[in-house]
Amino acid sequence: MTTIDTTARPTGFLRDTASVFVRESRPLVRDPFSVIFSLVQPLVFLGLFGPLLIGAAGGDAASTLQWFVPGILVMVALFGTASTGANLLFEMQTGSHERTLVAPLSRSALLVGRALKEVVPLVIQGTIVVLVAVPFGFSLDVPGLIAGLAVLAVFGIGFGALSYTLALACRNRDWMFWMVHQTLLFPLMILSGMLLPLEDGPAWMQVAAAINPLSYLVGAERALLAGDFGAPAVVGGIIAAAVTCAIGIVVGVRAMKRAR
Amino acid sequence: MPRKTADMTNQMISAQGLTQTFPAKGKVVEAVRSVDLEVDAGELVAFLGPNGAGKSTTLRMLTTLLPPTSGEAIVAGSDIRRDPAGVRRRIGYVGQGNSGGHTQRVRDELHAQGAFYGMGRRETRARAAELIDSLELGQVAGRQVQSLSGGQKRRLDIALGLIHRPELLFLDEPSTGLDPHSRANLWEHIVELRRETGTTIFLTTHYLDEADQLAERVMVMDHGQVIADDTAWALKESLAGDRVSLTFDSASDAAAAAARIGGEASGQLVTVTAPGGDRALPRYIRSLGDAGLDVVAATHRQPTLDDVFLALTGRTLREEAAHAEAVDEPALAG
């Protein structure tokens, strides 16, 4: 079999990653409505929680929205990417994942391509949330929004990778995936100061917030969306996003390499 | 570099001592016990055995999905341990599950698969169109995979396994879960593919009729070991032999006839196992007639692979399958 290598050329990591990314993004392109559908939850928070917050804070709507909308953006990133592992879980239970394992694709690309795909819905959803808030008095800073979405995207890649890692670890135990998902998600959300300020909370909550990368992300988004690029919170948010991304990719790639 | 073996120019699979053990509940389970395999280019081999015999585990080792606990194998010219990527490039694999993503469109999934194998865009599109055509997926090419019927999904699986024109195709239980019509249709496609491209096909099945219909060569696997390996015809001939049944006017005639020809009498019926039963039948009728024992009816039945399995293991595959698939099997295996 010396002339066997005619049909398939060797593939590299970047090319494989691109192929996986394209495959994962296709249903989104074919059915863009799915992106809108997963916006229901953040929009419910924006529409139902927002007015209460405005009333409780006693301030004007615009300044409350300026504080609240960046938190909703982080919520979009958190909830959108946290459940993405469920897709992989499902493909592990059918034969799709196995098919990709037999294909001559680098294992790392299988993880990275999937994680990169998270950026697409995240950016679209984030933009929609901001645009919805503008008529209600949210003041839009375009460079700030772009920078804010970029930081969120980095975080989303990492958190998506962590969700895939959880799926790989749970294999065919769906319940375990959703149990970990539910157990972690709401505490992470509340302890980030995304919905309500934590300054008035007990000391233990503030300690918890201090070790929650999401609180740094929320702080950075508030500064960036206000156009305040120089705020110290921005640095903290970038570091939190980068660290999440690095950890997610490293443990995700390791889990994918062990997958069979 | 893939290890090339010059003396294996015609060999598609060559495995020695493939073994897989799993720890389970404090014990070591030997799923596959030292399996040796030789498959030449162009062969269609069926791996037949009951559920849990180790067929799929062997397949997963040969396709690089599962590293063997011990043993060696060269598949499509590459060593499964040293060059798994080389094996993956050259083989097609259709696993037990449905491999199309549920929310993916059929054509998109084929295009993605082409990219996974490093094929160019134009080449992929042409090949996908060809497969959609030959596997009769044209009407569903733009639909989401989850909307397809079981038979259509299975044909998509096969199309996905063939996108890169592999010279060796593995099929793991290709027709499990399909209705009789879809199964027959799938078999036609497999036979057609074979006829047109000469692709080497290695399939596992626990359906007797599937192995009988499709494969020239059958390897019977039981309890993690290959217990027989030959053409279906030779297996039946050597292990089971043809069945000849003769009916007589009376039970006493039947008993006398059974004694003469070494058969078994049951009422007026005598059954005897004879190699080349179609030739033996007229001889029996003649010699028994000469002895004054008139045969009033005679049938000759060729053995099935189930007879072979029975001769080898003392169990019938049909019983084994009935345990696993109480609903599906009786109607199809008969």
- Task: For the stretch B:81-106, name all the residues that are farther than 20 Å from residue B:169 by Cβ and surrounded by fewer than 19 Cβ atoms within 10 Å (Cβ to Cβ).
- Result: B:81, B:82, B:102, B:103
- Select from the stretch A:128-182 the residues that are among the aromatic types (Phe, Trp, Tyr) and either over 24 Å from residue A:245 (Cα atoms) or crowded, with 23+ Cβ neighbours inside 10 Å (or both) and list them in ascending order. A:136, A:138, A:155, A:159, A:164, A:175
- Query: Residues of the stretch B:275-292 being surrounded by fewer than 20 Cβ atoms within 10 Å (Cβ to Cβ) and either hydrophobic (A, V, I, L, M, F, W, C) or touching a residue at least 60 places away in the same chain (Cβ under 8 Å) (or both), which ones?
  - Reply: B:280, B:285, B:291
- Query: List pairs: first in the stretch A:11-26 and at the interface with chain B (Cβ under 7 Å from one of its Cβ atoms), second in a helix (DSSP H, G or I) and of a type in the set (Val, Ile, Thr), Cβ under 9 Å, 6+ apart or cross-chain?
  - Reply: A:23/A:100
- Message: Given the options B:48, B:110, B:37, name the one that is within 13 Å of chain A (Cβ to nearest Cβ) and either among the hydrophobic types (A, V, I, L, M, F, W, C) or crowded, with 24+ Cβ neighbours inside 10 Å (or both).
- Response: B:110
- Subset of the stretch A:95-128 (residues that are at the interface with chain B (Cβ under 8 Å from one of its Cβ atoms) and closer than 27 Å to residue A:39 by Cβ): A:96
- Message: Restricting to the stretch A:210-228, give me the number of residues that are under 19 Å from residue A:156 (Cβ atoms) and not in a helix (DSSP H, G or I).
- Response: 1
- The residue from B:100, B:95, B:71 that alone is more than 21 Å from the chain's Cα centre (by Cα) and at the interface with chain A (Cβ under 7 Å from one of its Cβ atoms) is B:100
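Residues are listed down the side, and each one gets a yes or a no for (1) outside any helix (DSSP H, G or I); (2) closer than 22 Å to residue A:248 by Cβ:
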{"position": "A:78", "(1), (2)": "no, yes"}
{"position": "A:88", "(1), (2)": "no, yes"}
{"position": "A:100", "(1), (2)": "no, yes"}
{"position": "A:121", "(1), (2)": "no, yes"}
{"position": "A:131", "(1), (2)": "no, no"}
{"position": "A:134", "(1), (2)": "no, no"}
{"position": "A:139", "(1), (2)": "yes, no"}
- Members of the stretch A:158-177 found to be modelled with pLDDT of 90 or more and either assigned to a loop (DSSP other than H, G, I, E, B) or farther than 24 Å from residue A:217 by Cα (or both), listed by number: A:167, A:168, A:169, A:170, A:175, A:176, A:177
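The values are calculated or read from the model by the stated rules, or taken from the named source; none is laboratory data. Note that the structure is a prediction, hence the values are computed from the model and not measured. Glycine also receives a Cβ, built like all others from the backbone with ideal geometry; neighbour counts cover every protein chain displayed.
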